[in-house]
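Below is one structure, written out as structure tokens; comments come after it.
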Amino acid sequence: MRHFEIMKVTLALSILALAAVGFRMADVPQKFDMADPKGVCGLSFTIDSPLEPISGTSSAVSGEILFNKANPALSTGKIIVQTSTVRTLSDPLTQAMQQDWCLDPAKYPTIEFSVTKIANVKKQKNGSLAVKVTGDFYLHGVTKSITVDANVTKLADKIQVRGGMPGTKGDLLMVRSTFQINRRDFNIAKDLSSEVIGDTVEVKLAAVGVSPK
């Protein structure tokens, strides 16, 4: 009888240990590389003004996100854009914006957003997560904390379905966000009036991260 009781206790402890291991594994964040292997995702921006409405893009998004499925609020990461890849619909305007009076990629080669806090996590009907993300936004040598709304979707086993990585299996992480910054906060074209270049820059990010298995 005593032997049977010892076996029951041992079995119970084993089950608890396995459950603890499973919980810890579920809580381990999954790393997603935000450099799209297909090069089709990225960001777009618009700057509206009475004299010079401007639209542009960049597909050179990189960085990484450590996505915590068990507790998304504990996820971390950084999004990076190479300043030299920012383009407008006009080649002459693009060349002008790449000079030192504006973006100055020679001195400030990257634009970055580093996550510092995730809050208000709400699961949507389609399985995505609506979140508020606070982070340090770095542009033109200036860093400011901003809070943006974002939508995050983990897509299990979808690398092969999407394509672009032959022979590779794994998961995708879609990150979408629309937010605004004021160019004057970052000393962008500070000598030009708002009539020529608007102060408000609307940024739309649509990026995909890959986590190969």
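No value in this document is a laboratory result; all are computed from the given coordinates. Just so it is clear, the model here is predicted, and its values are computed rather than measured. Cβ atoms come from the backbone with ideal geometry, glycine included; neighbour counts cover every protein chain shown.
Short version: ³J(HN,Hα) in whole Hz for each residue of the stretch 92-102, in order, from phi by Karplus 6.51 cos²θ - 1.76 cosθ + 1.60 (θ = phi - 60°), x for Gly and Pro, what are they?
Once θ is set to phi - 60°, the couplings for the stretch 92-102 become x, 5, 4, 4, 5, 5, 7, 7, 6, 6, 10 Hz.
Taking the Cα centre of the stretch 77-201 as origin and charging only Cβ (+1 Lys, Arg; -1 Asp, Glu), how large is the dipole, in debye to the nearest 20? Before the final figure, lay out each step's value.
Numbers: 17 positive and 12 negative charges, 167 e Å.
Dipole of the stretch 77-201, to the nearest 20 debye: 800 debye.
Hey, what did the stretch 29-212 get for relative contact order, percent, Cα under 8 Å, at least 6 apart?
Computed over the stretch 29-212, the figure is 25 percent.
Pop a pseudo-label 7 angstrom from the Cα along the beta-carbon direction at both N120 and D48 and give the gap in nm to one decimal.
Output for this residue pair reads 2.2 nm.
At a 10 Å Cβ-Cβ cut-off, how would you order L129, L173, fewest neighbours first?
Ordered from fewest to most neighbouring Cβ atoms within 10 Å, L129, L173 come out as L129, L173.
Quick one: which of K31/K125; K154/K190; K38/K69; K144/K169; K123/K190 span more than 29 angstrom between C-alpha atoms? Please list the in-between numbers first.
On the way: K31/K125 25 Å; K154/K190 40 Å; K38/K69 25 Å; K144/K169 38 Å; K123/K190 41 Å.
As for pairs spanning more than 29 Å Cα to Cα, those are K154/K190; K144/K169; K123/K190.
Under the rule of at least 5 residues apart or a separate chain, name every residue whose amide H is placed under 5 Å from the amide H of G42.
Residues meeting the amide H criterion: A206.
Net charge within 15 Å of E195 by Cβ-Cβ distance, Lys/Arg positive one each and Asp/Glu negative one each, not counting E195 itself? Don't skip to the end; give the middle numbers.
Values: positive: R183, R184, K190; negative: D48, E52, D191, D199.
Spelling it out: positives minus negatives among the neighbours equals -1.
From the backbone phi of the stretch 121-138, what are the Karplus-calculated ³J(HN,Hα) couplings (6.51 cos²θ - 1.76 cosθ + 1.60, θ = phi - 60°) in whole Hz, Gly and Pro given as x?
3J(HN,Hα) across the stretch 121-138, in whole Hz: 6, 10, 6, 8, 4, 7, x, 6, 10, 8, 9, 10, 10, 9, x, 8, 9, 10.
Applying the Karplus parametrisation 6.51 cos²θ - 1.76 cosθ + 1.60 with θ = phi - 60° to the phi angles of the stretch 144-160, what ³J(HN,Hα) value in whole Hz is obtained for each residue in order, glycine and proline being reported as x?
Each residue's phi maps through the Karplus curve to give 9, 7, 10, 10, 10, 7, 9, 10, 10, 9, 8, 10, 6, 6, 10, 4, 5 Hz.
Mind running the shape call on the stretch 70-172? Use the C-alpha gyration tensor, a ≥ b ≥ c as the square roots of the eigenvalues: rounded below 1.5 for a/c, prolate if a/b tops b/c, oblate otherwise.
oblate
State to the nearest 20 debye the size of the charge dipole of the chain about its Cα centre, where the only charges are +1 on K and R beta carbons and -1 on D and E beta carbons. Walk me through the numbers before you get to the answer.
Values: 25 positive and 20 negative charges, 269 e Å.
Charge dipole, the chain, about its Cα centre: 1300 debye, nearest 20.
For a quick check of your reading of the filter: which trypsin sites (Lys or Arg not before Pro) in the stretch 57-132 sit in a DSSP loop and have no more than 11 other Cβ atoms within 10 Å?
Counting only loop positions with at most 11 other Cβ atoms within 10 Å, the trypsin sites (Lys or Arg not before Pro) in the stretch 57-132 are K107, K125.
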